[in-house]
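What follows is calculated from the coordinates using simple rules that are stated; it is not laboratory data. Predicted, not measured: the structure shown is a model, and the values here were computed from it. Cβ placement follows ideal geometry from the backbone for every residue including glycine, while neighbour counts extend to all protein chains displayed.
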Amino acid sequence: VFESSLYMNAGNVASTPSLLKSASRNKNYLQRRSIGNGRKTSSTFGNRCKICLITTCLLTVALLSIAFFSLAERPPLNLRDSLIVKSFPFSSIISSRFPITPKTESEPTLLASKRSETLPIIAAPNSKVSQKQINDDTIPFDNSISKIRNKDVISRQYIHFIHIPKCGGTTMTIILRQMQCVRDPLKNADCCTNPGFCDWHAFRRCEAIKGCTNHMPNRPAIFKPMASITLMRDPLARILSAFFYRGHSPNLDFFQVRPYFKDIADGKLPKVTFEEYMDMHEYHNIITRMLGADSFPYRNITVTDEIYDSAVEALNHIFFVGLQEEFEVSSELLLREMDVEMVVNVTKERDQSNEKSSQLKAKLKANKSLMQRLKEINHYDVALYELAVKRFCSTLKRYPDLVAKVKKRGKVKCAFGDGKE
């Protein structure tokens, strides 16, 4: 409107040459100004787009931060021990807000059947259990506060799997997915598709198996009305296997146990020897740490007598304890305890053994002083494994055909009351 009024005024007063010349200059000025405003408007629009993009990115980061902090409050997922936290930029903030402390408080127990059976107690060195109790096989094991042989627990849709590293857990998840598919193919449809071991990234999942895709123990779930299942292995054999296995060794660490382990994998630092590996406390007594402190296996938590006692309490409430040394029998025993009829086809997963590693393992096993020192360092796990073996044998004795298989193989020593092991 302003421009038009100037044109009109210029036309009305254009009676003299000087006024015409002035009007012409005004018209040219307005045209140049119009072009300049267009360029300025275009530049302003671009700046606004940049501001909007930056604002969107900042809001996205803020929302993701809120999501991570909120997930840390969820009981099923212990974010403090999650690998995601360790790679998250604000991991130090989360660690300070949620400090890692061993959980030694007693969880609520589950009242079940009044059935009781004898089960010996295994004590770690310096623990409160006396040597007389250790040698007394008649100490009553009170099942009135456990889930063992509880039909109500078996009938539940969900099960809880505690995946202890290098104990055959990956292969066991294949059987667990098949088992859950057989139990209820409609509700557990995700267990039936894409057969194989649990793998989140490969879309081999099963929502009806808690703990199927990670090594988080989720100890409180042991005391809830669902079947908790785990596999154990002789601690010395498990440690040897883990050292030569990718991901669970300092020489190729997948869990960021220590920051400089990445430099070892990249070849910037020399590889760790087995003797050095033995002295790294993150790898000591990981089974006791998982069950007693509700911790990721390689977390920097010192295992104490209290944590061991807490682990024994958890072990006594686990529905089924199998052994890696008798994996096939353990698989069949689990299906019978769960009242599931299906054919088990055991395929060993992630077997990275080769001639070179087998020779190195044999050489280490032959070093008696080294094995004795390894046993002393991991004495809590050794004691807990002995208790797990007695628990396994106690369940096994209900099935004479499986007892015969175990006796024939001789990998696990069970005292069945007949004078033979």
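The table below gives the values:
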quantity	calculated
Length released on extending from PHE254 to ALA189, taking residue separation times 0.36 nm less the Cα-Cα span	20.3 nm
Whole-Hz couplings from phi, Karplus 6.51/-1.76/1.60, listed for segment 358-364; x for Gly and Pro	5, 5, 5, 4, 4, 5, 5
Alpha-carbon Rg with Dmax, taken over segment 262-421, Å	18.6, 58
C-alpha center-to-center spacing [segment 261-334, segment 181-244] in angstrom	16 Å
From the C-alpha gyration tensor of segment 151-201, square roots of 5λ in Å	19, 15, 8
Residues LEU370 and THR60, FRET efficiency given R0 of 45 Å [Cβ-Cβ distance, rounded to 0.05]	0.30
Cβ-derived FRET efficiency at R0 35 Å, ASP199 paired with ARG409, nearest 0.05	0.70
Mean Cα-pair separation over length for segment 155-231, i.e. relative contact order, pairs under 8 Å, 6 or more apart, %	46 percent
Calculated FRET efficiency for the pair ARG48/ASN345, C-beta based, R₀ 51 Å, to 0.05	0.20
Amide H contacts of PHE296 (H built 1.01 Å from N, under 5 Å, at least 5 apart or other chain)	none
Potential extension, ARG398-GLU328 segment - 0.36 nm per residue separation minus Cα distance	23.5 nm
